[in-house]
Amino acid sequence: MFRKILITSGPTVEPIDPVRFLSNRSSGKTGYHLAAEARSRGLGPVTFISGPTALLPDEVELVQVETAQEMRAAVLEHFRRSEVIVMAAAVSDYRSVKYYPEKMKKGGERITLELVKNPDILLEIGARKRKGQILVGFAAETEDIFVNAQKKLLAKNLDLLVLNEISEANPAFAGEDNQVFLLRPDGVRRLEKMSKERLAARIWDEIARLAGRPA
Ligand code: CTP
C-alpha cells in the first residue's frame, strides 16, 4: 500500500487560436490502465492528472488539464505527498509563442508559427525527488534507443523508465498493444508485445519490486 500515487496521462493540448491547437496522438490508454490496476490491487489513493482524453478512470482524484504549463502546476501541487509518481503523459515539448485571440485568417502561401519550449515536468520533479519516492518515466525513441534512454534515466533521476521503441511494427501511441523495455539504473528487461492493460500490470509488478513490497 502506498500513501499516495500520482499518475499523469494523455496528451497535452497547446492552443494557437480559439479553434486550433498543437498536440499528439497519445490515447491515454496506458495511463488509464495504470490507474485502474492500482485501484483494483488496492495499492493506494490515486491522483490522476490528465490532458484531454476519452479515457478517465473511476475511483481516482481527477485533475483535468489542457496545457503542459497547467499539467506542471498540477504535478507540483501533488508531487510532495506522493510516494509513487508515474509520468505516462505525452507532454507537448513546444507551444506556440503567441496565442492569437481571434481566429487566424488564411493569408500567404507560407506562414511561420514560432514555438517555445515547454517546461520538462519530469526533469523538474526528478531534481526534487526525495528518498522513498519512486519516479517512473516513459520514453519514445526511434534511434540509438538504449543510449538515449539511459541518458534520460540518469538526467531525470528515474527509478524506472518504460522505453517504447517507435517503429512501423510498434507504433505505440495509437495502437492497442505495445512492446517495451523496462530500464532500471541496474539493468534492462525486454517485455514481449502485450496489451496496454497487461503492460500496466507488469509496470506495477516492477514498481512493487523496486519498493520491496509484494505486488
Ligand atoms: N515529460 C514531461 N514534460 C515534458 C516532456 C516530457 O514530464 N515537457 C515526461 C513524459 O511524461 C515522459 C517522459 O518525460 O514520462 C518522456 O520524455 P520523451 O518525450 O520521450 O523525451 P524527451 O525528454 O521529451 O526528449 P526527446 O523528445 O528529446 O526524446
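Just one of (1) open to solvent by 60 Å² or more (accessible area, probe 1.4 Å); (2) within 16 Å of the ligand (Cβ to nearest atom); (3) at pLDDT below 95 fails for S26. It is (1).
What residue, among those in the stretch 1-23 that are aliphatic (A, V, I, L, M), over 15 Å from V91 (Cβ atoms) and in contact with a strand residue (DSSP E or B) (Cβ under 9 Å, 6 or more places away or on another chain), is most open to solvent (accessible area, probe 1.4 Å)?
I16
The one condition from (1) over 14 Å from A88 (Cα atoms); (2) part of a loop (DSSP other than H, G, I, E, B); (3) in contact with a helix residue (DSSP H, G or I) (Cβ under 6 Å, 6 or more places away or on another chain) that G42 does not meet is (3).
D159 fulfils the conditions (1) open to solvent by 60 Å² or more (accessible area, probe 1.4 Å); (2) more than 11 Å from the ligand (Cβ to nearest atom); (3) at negative phi except for a single criterion, (1). The residue list R72, R80 contains one member that is of a type outside the set (G, A, S), closer than 20 Å to L158 by Cβ and exposed (fewer than 13 other Cβ atoms within 10 Å of the Cβ), which is R80. Going by the conditions given, is S82 closer than 29 Å to A127 by Cβ, among the hydroxyl-bearing types (S, T, Y), within 13 Å of the ligand (Cβ to nearest atom) and outside any helix (DSSP H, G or I)? Considered against the rule, which asks whether it is closer than 29 Å to A127 by Cβ, among the hydroxyl-bearing types (S, T, Y), within 13 Å of the ligand (Cβ to nearest atom) and outside any helix (DSSP H, G or I), S82 comes out as no. Only residues that are within 21 Å of L76 (Cα to Cα), surrounded by 10 or more Cβ atoms within 10 Å (Cβ to Cβ) and more than 10 Å from the ligand (Cβ to nearest atom): list them for the stretch 117-147, please. Within the stretch 117-147, A127, R128, K129, Q133, I134 qualify. Scan the stretch 93-112 for residues that are away from the ligand (no atom under 16 Å from the Cβ) and touching a residue at least 40 places away in the same chain (Cβ under 8 Å) and the total you get is 6. With respect to the conditions (1) over 21 Å from W204 (Cβ atoms); (2) in contact (Cβ under 8 Å) with a residue 60 or more places away in the chain, E83 falls short on a single one, namely (1).
Set side by side, the residues T47, T53, T112 differ, and just one is among the polar types (S, T, N, Q), assigned to a strand (DSSP E or B) and surrounded by fewer than 23 Cβ atoms within 10 Å (Cβ to Cβ), which is T47.
The values are calculated or read from the model by the stated rules, or taken from the named source; none is laboratory data. Since the model is a prediction, treat every value here as computed from it, not as a measurement. Note: ideal-geometry Cβ built from the backbone for every residue, glycine included; neighbour counts use all protein chains shown. All accessible areas refer to the heavy atoms of the entire protein, side chains included, with ligands and DNA or RNA removed. Shrake-Rupley method; radii C 1.70, N 1.55, O 1.52, S 1.80 Å.
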